[in-house]
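Below: the structure, in structure tokens.
The values are calculated or read from the model by the stated rules, or taken from the named source; none is laboratory data. As the structure is a prediction and not an experimental result, all values here were calculated from the model. Every residue, glycine as well, gets a Cβ built from its backbone with ideal geometry; the counts of neighbours run over all protein chains shown. Surface accessibility is based on the protein's heavy atoms, side chains included, excluding ligands, DNA and RNA. Shrake-Rupley method; radii C 1.70, N 1.55, O 1.52, S 1.80 Å.
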Amino acid sequence: MNYFKGTEDYVISKDLRDNVNVSIALQRPLIVKGEPGTGKTLLAHSIAKGLGKKLIIWNIKSTTKAQEGLYLYDTVQRLNDARFGDNDISDIKQYIKMGKLGEAFASEEQLVLLIDEIDKADIEFPNDLLNEIDEMSFYIPETKETIKAKNRPIVIITSNSEKELPDPFLRRCIFHYIEFPEQELMEEIVHVHFPKIEKKLLREALKKFYWIREFDMLRKKPSTSELIDWLQALILGGISEKDVEKEIPFLGTLLKKKEDIDIVQKTGKTHYAYNTSMRTRDVY
Amino acid sequence: MFINFFFNLKSRGVPVSLHEWITLHYALTMNLNDSSLTSFYNIARAILVKNEIFFDRYDMAFLDTFGGIETTDEMLEQILAGLKKVKELHLSEEEKKQIEQLNLDEVLKNFEEQLKQGHYKNHVGGNKAIGTGGRSTQGAWGYNPAGIRIGQGESRHRSAVQIAEKRTFRNYSSDITLDTRQMRVALSHLRSLLPIGTGEKLDLKKTIDETCKNAGEIELVWQTKEKKSSKVMLMMDVGGSMTPFSELVERLFSAASSQISKFKHFYFHNCFYQDLWTDMERNQSIATMEMIKSEDSDYKVIIVGDAEMAPSELTWVNGAIDYWYHNDTPGVVWMQRIKEKFTDVIWVNPLPKRNWQYVHSIRMVRDIFPMFELTLDGLDEGVKFLMTGKCGLYNKK
């Protein structure tokens, strides 16, 4: 049986690892939700690597239709061939092109299938896939063929909760909400990227990082990837922890909006004032 | 016995289906939770709860069902962690004999006792907790008499009941008032007001036409069909008691305005009269009558305000809160006019619903407009009402 233990380059919480294994054991898709930059997409990469399986990624866009994931019947090509007589057009099979889902089902070995950002698509999209995900099979009427997964793929679905997913779809899945990592876990994550980083610098930088995240008024909160960029800049710039203590260098790598930078810089001067003034207060 | 948990979840409004409940039992029969309550807490949540806004209610249901239960999770973890550090055992023959004589209950009891006394907290080197010479149960149970650390590599995992007690997910709950963190989610609830996107369709007739003209060379003609988006109008109370909410609401809708092509917004203070302001500072205004005349009646109107004012502001001529402002028509009449003009109007109130009945003016406004709380749930209901004309609270027909 497959048991996912995690990989070296991906720090995973115990809860999430348990849930990954539950989803593998129960053969249900795992829906991963959470703030941007909490490593939802990387999880699938890590699982594929950890279990030594091939990864298929299906990126969902706002125009993606469920059918595209299963197969495409290239009628235009067939029409063209019919006119020029290059191929045997009675053989419809050659005009059926498997989509990502179809590819994963048809494969001989077990795969990891990542359906990335499923909430980007139309609201009806997940519902169209209900049966296919449930039974891991679908029927192609053109060739009177049924594609059935020999080995049910490990399905990881990520969502940014832009749209609510329909209940019947959710009922068939395992759900995990990735919380933003706390300081301890974050230290581990940073260590994966920078094994040699100075402890004091990291402490100080993280203190500042979480302080910035406390601001409720930020338009975009800095996430893990921004922290990594920032640390990279600090290391390359040869900034010492004392400088980080005094001010926040390279603020632009953490915050991407001018308004956000203004807010942080303004309150950065009166260090402790942010607590009362910046938060939305419950006045009643 | 733990079917109670299912009903506890149900009674707290977590949407759990039998399907998921059975899935959980599959997981339990496969012992995916390693017989541990902490893992059970986590796994059951993953299987039963599909939205983080219900995590808090799940925590409460979990506390209700399993609150009094004693677990050995923590102890087990510490023992295991301690055992991992044992590299080799130096046991004499005599000690090995002692081990065989011990029964497990006794060992556990002893261990637990010492755990309670805090012997393991800072134990480096042999003291009386971990026996010297292998006499104590710990020594006999395989801890190196020279002194093994137990429970010092701090465990980040807490027992399930403690986790549930912490209720870290309270903020995700959908019935609390919106804060900025949740604005994004709230916006997604307004998505049903947004255009659904374009659809592409093969225009068969034109394709045949073009192909014929092209001397048989296939020429595909696609037609795009854009689905209609809603028109949204926001009217917002600013100033006075609304000040704490104004920026919040403003940003919520300014984000929405970038996605809704037909988006209008106006401001008022407490109640609207013959003028509506077009900026937040209330410097520029247009006549309300003009607005009512010129705008289409199919705008979906969302009015945001606490509706908390003196009843006179609604009912009196010259009742406006601003002393220098003279209105010859009472506010309540203007409200009626807005209501008659637009087919779909809702009033969204940032005050908690439980306070509404104590404020006279809110009751009066509620008589005119359907009122919803400015929470995720309330906004959801409100948008549903705007789109379909009915929801759990109100039904137009």
Checklist line | Breaking point among (1) within 14 Å of chain B (Cβ to nearest Cβ); (2) more than 27 Å from A:D128 (Cα to Cα); (3) open to solvent by less than 20 Å² (accessible area, probe 1.4 Å), for A:V22 | finding: (2)
Check: Taking the stretch B:15-54 as the region of interest, how many residues are in contact with a strand residue (DSSP E or B) (Cβ under 9 Å, 6 or more places away or on another chain) and more than 7 Å from every other protein chain (Cβ to nearest Cβ)?
Finding: 3
Check: Is it true that A:K61 is within 14 Å of chain B (Cβ to nearest Cβ) and part of a loop (DSSP other than H, G, I, E, B)?
Finding: yes
Notebook entry, point to check: Looking at the stretch A:35-46, is at least one residue within 11 Å of chain B (Cβ to nearest Cβ) and touching a strand residue (DSSP E or B) at 6+ places or on another chain (Cβ under 8 Å)?
Noted result: yes
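Can you pull out the residues in the stretch B:369-390 that are surrounded by fewer than 16 Cβ atoms within 10 Å (Cβ to Cβ) and closer than 16 Å to B:V301 by Cβ? Steps first, answer last, please.
Here is the first cut: in the stretch B:369-390, the residues surrounded by fewer than 16 Cβ atoms within 10 Å (Cβ to Cβ) are B:387-390.
B:M387, B:T388, B:G389, listed by residue number.
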Margin query: Among the numbered criteria (1) assigned to a loop (DSSP other than H, G, I, E, B); (2) of a type in the set (S, T, N, Q); (3) out of contact with any His (no Cβ under 8 Å at 6 or more places or on another chain), which one does B:S312 miss?
Written below: (1)
Notebook entry, point to check: Here are A:E188, A:E198: which of them is in contact (Cβ under 8 Å) with a residue 60 or more places away in the chain and outside the structural domain of A:N19 (by TED's automatic domain parsing)?
Noted result: A:E188
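Can you go through B:T375, B:T388, B:T315 and tell me which one is of a type outside the set (A, V, I, L, M) and either more than 26 Å from the chain's Cα centre (by Cα) or on the phi > 0 side of the Ramachandran plot (or both)?
On the way: B:T375 fails: either more than 26 Å from the chain's Cα centre (by Cα) or on the phi > 0 side of the Ramachandran plot (or both); B:T388 fails: either more than 26 Å from the chain's Cα centre (by Cα) or on the phi > 0 side of the Ramachandran plot (or both).
Just a single option satisfies the conditions, and that option is B:T315.
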Checklist line | Some residue of the stretch A:38-54 being open to solvent by 30 Å² or more (accessible area, probe 1.4 Å) and among the β-branched types (V, I, T) | finding: yes
Note to self: What are the pairs with Cβ atoms under 7 angstrom where one residue, in the stretch A:161-178, is under 16 Å from B:F54 (Cα atoms) and the other, located anywhere, is at pLDDT below 80? Sequence gap at least six, or different chains.
What the structure shows: A:S161/B:V185; A:S161/B:S188
Item checked: Single match in A:D15, A:D91 (criterion: of a type in the set (D, E, K, R) and either touching a Phe, Trp or Tyr at 6+ places or on another chain (Cβ under 7 Å) or within 11 Å of chain B (Cβ to nearest Cβ) (or both)) -> A:D15
Item checked: Some residue of the stretch A:235-250 being within 21 Å of A:K40 (Cβ to Cβ) and surrounded by 14 or more Cβ atoms within 10 Å (Cβ to Cβ) -> no
Notebook entry, point to check: Can you tell which of A:I239, A:I197, A:I156 is more than 24 Å from the chain's Cα centre (by Cα) and within 21 Å of A:T7 (Cβ to Cβ)?
Noted result: A:I197
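Within the group A:K148, A:K144, which residue is touching a strand residue (DSSP E or B) at 6+ places or on another chain (Cβ under 6 Å), more than 14 Å from chain B (Cβ to nearest Cβ) and open to solvent by 40 Å² or more (accessible area, probe 1.4 Å)? Spell out the reasoning first.
Working: A:K144 fails: touching a strand residue (DSSP E or B) at 6+ places or on another chain (Cβ under 6 Å).
The unique qualifying residue is A:K148.
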Next item on the list: Scan (1) more than 14 Å from chain B (Cβ to nearest Cβ); (2) open to solvent by 20 Å² or more (accessible area, probe 1.4 Å) for the single condition A:A205 breaks and write down its number.
Entry: (2)
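Return the residue satisfying two criteria in turn: it lies in the stretch A:75-99 and is assigned to a loop (DSSP other than H, G, I, E, B) and either surrounded by 15 or more Cβ atoms within 10 Å (Cβ to Cβ) or within 30 Å of the chain's Cα centre (by Cα) (or both), and of such residues it is modelled with the highest pLDDT. Let's see the steps before the verdict.
Initial filter on the stretch A:75-99 (assigned to a loop (DSSP other than H, G, I, E, B)): A:85-91, A:99.
Imposing the further condition that a residue be either surrounded by 15 or more Cβ atoms within 10 Å (Cβ to Cβ) or within 30 Å of the chain's Cα centre (by Cα) (or both) reduces the set to A:89, A:99.
Working: A:I89: 76, A:G99: 88.
Across the stretch A:75-99, the extreme among qualifying residues is A:G99.
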Item checked: Boolean, A:F138 is more than 12 Å from every other protein chain (Cβ to nearest Cβ) and aromatic (F, W, Y) -> yes
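So for the stretch A:100-122 (the condition being surrounded by fewer than 16 Cβ atoms within 10 Å (Cβ to Cβ) and either of a type in the set (V, I, T) or within 14 Å of chain B (Cβ to nearest Cβ) (or both)), does at least one residue qualify? Lay out the reasoning, then the answer.
Filtering the stretch A:100-122 for residues surrounded by fewer than 16 Cβ atoms within 10 Å (Cβ to Cβ) gives A:106, A:108-109.
Right, trim to either of a type in the set (V, I, T) or within 14 Å of chain B (Cβ to nearest Cβ) (or both) and you get none.
Within the stretch A:100-122, none of the residues are surrounded by fewer than 16 Cβ atoms within 10 Å (Cβ to Cβ) and either of a type in the set (V, I, T) or within 14 Å of chain B (Cβ to nearest Cβ) (or both).
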Next item on the list: Of all residues in the stretch B:348-371, count the ones that are part of a strand (DSSP E or B) and modelled with pLDDT of 90 or more.
Entry: 1
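Let's see how each residue does on (1) of a type in the set (G, A, S); (2) out of contact with any helix residue (DSSP H, G or I) (no Cβ under 9 Å at 6 or more places or on another chain); (3) closer than 25 Å to A:S23 by Cα:
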| site | (1), (2), (3) |
| --- | --- |
| A:I89 | no, no, no |
| A:I92 | no, no, no |
| A:S107 | yes, yes, yes |
| A:Q110 | no, no, yes |
| A:D116 | no, no, yes |
| A:A121 | yes, no, yes |
| A:M136 | no, no, yes |
| A:I140 | no, no, no |
| A:L165 | no, no, yes |
